[in-house]
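Trainee: Structure incoming, see below.
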Amino acid sequence: MSLRAIACSRYASRESPAHGAAASTLSTKRLLPWQSLSPRRPSRFTDISDDSPPISVMCDNRRTLRTVIHQGDPMPNSLTRGVNPFTLGVASGDPTPDGVVIWTRLAPDPLCADPARPGGLDAKPIEVHWQVAADERFAKVVRHGRTTAVQAYAHSVHVEVTGLEPGREHFYRFKAGSAISPVGRTRTAPAPAAAVPVRFAYAACQMYEHGYFTAYRHMAEERPDLILFLGDYIYEYGPHKYLPPGGSPRKHDGPEIKTRHAYRNRHALYRLDRDLQAAHAAAPWLVTWDDHDVRNNYAGPYPPGELPADPERRKKALRDFAARRAAAYQAFYEHMPLRAASIPRKDAMRLYRHVPYGALAEFDVLDTRQHRSRQAAGGAIAPPNPEQADPKRTMLGAEQERWLAERLSTSPARWRFLAQAVFFARRAIRGAAVPRFSMDAWDGYPPARDRLMEAIRRAQDPAGVVFLTGDVHAAWAAEVRSDLADAASAPLATEFVCTSITSEGDGSDTRPDTKGALADNPHIRFFNNYRGYTSCLAAADALRVDYRVVPYVSKPGAPVHTRAAFLVEAGNPVIHKILDRPLPLPLAGLAGEAFPSEDSRVAAQEV
């Protein structure tokens with residue numbers, strides 16, 4: 001694909017629908033093509049006969065690495081006929097050239113208040129059938145099998161399907177009792193030698209109370225090859241504790257979550273959103289987490305804030321937080337299309353992983369929360385300080401650092417995407433006398449960042465390294481300079497930070513601190529405060545990045561608009577703006593209030 005073709009790709013020609021038509025044409029109740037009802041009904045979900053050849057899959061809910069599906073008598077079924085157990089939809093993730101993980105969770109009563117009956121189900125195991133087909137009518141089923149949903153994992157199902165053709169669209173569904181799930185669309189990764197363009201989207205930060213997930217409906221309609229999520233899938237707060245400037249149009253269903261049951265129900269609340277379900281059913285996902293998936297600003301084994309000085313009280317505080325973290329990790333695994341390698345062990349969970357995607361792209365999904373050292377200066381926005389500069393401190397942990405350095409040194413891919421949660425490039429924040437920095441981002445861990453930058457320099461093609469980032473609830477595009485303190489130094493890599501899906505409520509084109517932020521950080525090429533997501537096209541010659549925004553999230557049905565687009569040529573980590581298109585006035589006039597500064601934005605979350 002040529003540079004001209006990439007610059008003129010399908011994203012550039014999209015126009016926002018007229019505002020008056022938005023509510024009807026982009027309703028949250030609209031079905032996507034493979035979910036729609038048509039005279040050509042999907043083929044009947046044929047039961048798998050006992051003499052069918054067994055299919056080996058990875059079956060995580062029995063804590064074994066390999067399981068043969070056909071195992072004799074069916075498990076007892078506790079589902080009542082006529083009750084829908086698939087209220088939370090379906091999902092797929094972590095594609096390989098010959099397979100993918102398919103997921104669902106049985107939950108006829110997804111917000112059940114009884115911890116002994118998560119999802120409204122008792123302790124009986126439930127047999128679940130699954131099918132993967134080459135067509136959405138399931139006329140050509142290419143893989144099928146049975147697995148068992150057990151209460152230990154909230155009756156979630158993670159099937160690691162293998163034996164599929166590379167670079168192909170597939171469709172999947174489940175059956176439990178007499179109920180059949182919605183149909184999901186997925187796609188295998190291209191063959192290792194296939195130099196084919198990759199279309200993917202990514203998002204982060206979806207505070208349920210702050211608005212509607214309309215952006216996901218638009219993302220699903222793009223039918224990307226892959227979707228990445230970069231942290232803060234749920235928020236832990238009680239009702240209306242963390243408020244956006246314009247107020248919250250939705251409400252959490254209970255107090256701050258601390259137990260496994262509470263985390264399960266919070267995930268279920270978010271998963272009930274139909275637009276989020278549509279995005280999960282549209283493409284395979286790669287997911288990582290950030291702090292709110294457990295507790296705001298936690299770091300490794302440490303809760304936020306000061307620990308008690310008394311040794312016994314300090315031990316208890318750490319034990320209590322370890323139990324809370326373990327509960328959150330368990331619920332995260334149960335609700336994500338992850339492989340058996342990510343099954344939590346006590347209060348730890350392996351989340352960082354390598355996902356090759358044909359000859360052009362590789363995705364290294366990082367964990368910037370579980371293994372980090374405690375934040376300097378209590379995680380505040382602060383000037384440089386001795387604690388921040390301690391070379392022993394780490395963002396990734398020693399093992400993940402070594403793993404990533406090896407991956408970068410051996411990867412032959414044109415584009416190496418580092419999918420992670422927090423701002424990597426230097427970002428000075430204006431203060432009274434000297435510039436300040438976020439101690440929760442990579443700015444708070446400069447020796448660790450220097451080590452990663454040295455690993456990038458040793459990569460086969462440093463210019464192909466691209467950071468995909470979330471966390472800060474606004475869209476940014478930055479060149480990572482070879483000398484972070486010298487804006488005139490040559491760029492080493494690039495970083496594209498996505499805005500939030502909803503967090504901080506209705507957005508705006510600018511914030512009061514926009515001009516100052518850009519002036520203080522000349523390597524940052526773009527800063528926008530609307531909500532939305534990011535769409536990308538990675539080809540042999542260039543990477544195109546589109547910032548897709550919605551004018552409001554305080555009510556459903558917002559249209560989508562490409563606010564800006566950027567191009568990075570292969571071998572040259574310079575960001576070129578190829579589209580700068582503010583929202584039309586009728587839509588721009590719907591913009592909400594913004595926090596006046598980075599300090600106020602961060603302070604709103606510390607409740």
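The values are calculated or read from the model by the stated rules, or taken from the named source; none is laboratory data. Only a predicted model underlies this, so the values are computations on that prediction, with no experimental measurement involved. With ideal geometry, Cβ positions are generated from the backbone for all residues, glycine too; neighbour counts draw on all protein chains shown. Side chains included, ligands, DNA and RNA excluded: accessible areas come from the protein's heavy atoms. Shrake-Rupley method; radii C 1.70, N 1.55, O 1.52, S 1.80 Å.
Trainee: Under 7 Å between Cβ atoms, which residue pairs at least 6 apart in sequence (or on different chains) link something in segment 584-607 that is within 20 Å of R436 (Cβ to Cβ) with a partner that is among the hydroxyl-bearing types (S, T, Y) and modelled with pLDDT of 80 or more?
Mentor: A594/S508; A604/Y242; Q605/Y242
Trainee: Quick check on this structure: which one of D546, D580, D513, D599 is open to solvent by 10 Å² or more (accessible area, probe 1.4 Å) and either of a type in the set (A, V, I, L, M) or modelled with pLDDT of 95 or more (or both)? Working first, answer last.
Mentor: Details: D546 fails: open to solvent by 10 Å² or more (accessible area, probe 1.4 Å); D513 fails: either of a type in the set (A, V, I, L, M) or modelled with pLDDT of 95 or more (or both); D599 fails: either of a type in the set (A, V, I, L, M) or modelled with pLDDT of 95 or more (or both).
Checking each option against the conditions leaves just D580.
Trainee: If you don't mind, there's one more thing I want to ask. Which of (1) open to solvent by less than 10 Å² (accessible area, probe 1.4 Å); (2) of a type outside the set (S, T, N, Q); (3) over 24 Å from A398 (Cα atoms); (4) touching a Leu at 6+ places or on another chain (Cβ under 9 Å) is the odd one out, the single condition E334 does not satisfy?
Mentor: In the conditions (1) open to solvent by less than 10 Å² (accessible area, probe 1.4 Å); (2) of a type outside the set (S, T, N, Q); (3) over 24 Å from A398 (Cα atoms); (4) touching a Leu at 6+ places or on another chain (Cβ under 9 Å), E334 misses (4) alone.
Trainee: Now, a different point. Are there any pairs, at least 6 apart or on different chains, whose C-beta atoms fall under 7 Å, with the first in segment 517-528 and in contact (Cβ under 8 Å) with a residue 12 or more places away in the chain and over 17 Å from P573 (Cβ atoms) and the second open to solvent by 10 Å² or more (accessible area, probe 1.4 Å) and among the acidic types (D, E), and if so, which?
Mentor: Matching pairs, first to second residue: N528/D509.
Trainee: Can you tell me which residues in segment 402-422 are basic (K, R) and part of a loop (DSSP other than H, G, I, E, B)? Before you say what the answer is, go through the steps one by one.
Mentor: Just the residues of segment 402-422 that are basic (K, R), to begin with: 402, 407, 414, 416.
If the condition is that a residue be basic (K, R) and part of a loop (DSSP other than H, G, I, E, B), then R414 is the only one that fits.
Trainee: Also, quick follow-up: Could you give every pair whose Cβ atoms fall below 8 Å, whose first residue belongs to segment 219-231 and is within 21 Å of G557 (Cα to Cα) and aliphatic (A, V, I, L, M), and whose second residue is at pLDDT 95 or above and in a strand (DSSP E or B), counting only separations of at least 6 or pairs across chains?
Mentor: Short answer, once both residue conditions are applied: M219/A201; M219/A203; M219/I227; M219/Y533; M219/S535; M219/R548.
A quick yes/no check of all residues on (1) under 24 Å from the mean Cα position of the chain (by Cα); (2) farther than 25 Å from P110 by Cα:
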{"residue": "A134", "(1), (2)": "no, yes"}
{"residue": "H144", "(1), (2)": "no, yes"}
{"residue": "A152", "(1), (2)": "no, no"}
{"residue": "H170", "(1), (2)": "yes, yes"}
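Trainee: N297 fails exactly one of the following numbered conditions: (1) part of a helix (DSSP H, G or I); (2) more than 12 Å from I234 (Cα to Cα); (3) more than 13 Å from the chain's Cα centre (by Cα). What is the number of that condition?
Mentor: (1)
Trainee: Another question, then. Which one of these does F363 not meet: (1) open to solvent by 10 Å² or more (accessible area, probe 1.4 Å); (2) touching a strand residue (DSSP E or B) at 6+ places or on another chain (Cβ under 7 Å); (3) closer than 29 Å to P97 by Cα?
Mentor: Only one criterion in (1) open to solvent by 10 Å² or more (accessible area, probe 1.4 Å); (2) touching a strand residue (DSSP E or B) at 6+ places or on another chain (Cβ under 7 Å); (3) closer than 29 Å to P97 by Cα is unmet by F363, namely (1).
Trainee: Another question, then. One residue is enough: does segment 392-407 have a residue meeting the conditions surrounded by 24 or more Cβ atoms within 10 Å (Cβ to Cβ), touching a residue at least 60 places away in the same chain (Cβ under 8 Å) and not β-branched (V, I, T)?
Mentor: No - not one qualifying residue is present in segment 392-407.
Trainee: Considering each residue of segment 543-602, count those that are more than 17 Å from C498 (Cα to Cα) and among the hydroxyl-bearing types (S, T, Y), and give that number.
Mentor: Total meeting the criteria: 3.
Residues are listed down the side, and each one gets a yes or a no for (1) part of a loop (DSSP other than H, G, I, E, B); (2) of a type outside the set (D, E):
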site	(1), (2)
F424	yes, yes
R427	yes, yes
A433	yes, yes
D443	no, no
I456	no, yes
D486	yes, no
S503	yes, yes
S508	yes, yes
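Trainee: Would you mention how many residues in segment 150-162 are surrounded by fewer than 24 Cβ atoms within 10 Å (Cβ to Cβ), in contact with a Leu (Cβ under 9 Å, 6 or more places away or on another chain) and part of a strand (DSSP E or B)?
Mentor: 0
Trainee: Anything in segment 485-510 that is at pLDDT 95 or above, among the aliphatic types (A, V, I, L, M) and open to solvent by 10 Å² or more (accessible area, probe 1.4 Å)? List them, or say none.
Mentor: A490, L492
Trainee: For segment 304-324, enumerate the residues that are closer than 30 Å to W103 by Cβ and either in a loop (DSSP other than H, G, I, E, B) or open to solvent by less than 20 Å² (accessible area, probe 1.4 Å) (or both).
Mentor: Initial filter on segment 304-324 (closer than 30 Å to W103 by Cβ): 321-324.
Answer for segment 304-324, where residues must be closer than 30 Å to W103 by Cβ and either in a loop (DSSP other than H, G, I, E, B) or open to solvent by less than 20 Å² (accessible area, probe 1.4 Å) (or both): just F321.
Trainee: Being closer than 30 Å to F467 by Cβ, in a helix (DSSP H, G or I) and of a type in the set (G, A, S) narrows it down to one residue among A268, A278; which is it?
Mentor: Details: A268 fails: closer than 30 Å to F467 by Cβ.
The conditions single out A278.
Trainee: Taking the options V294, V355, V287, name whichever one is among the β-branched types (V, I, T) and more than 30 Å from Y172 (Cα to Cα).
Mentor: Numbers: V355 fails: more than 30 Å from Y172 (Cα to Cα); V287 fails: more than 30 Å from Y172 (Cα to Cα).
Checking each option against the conditions leaves just V294.
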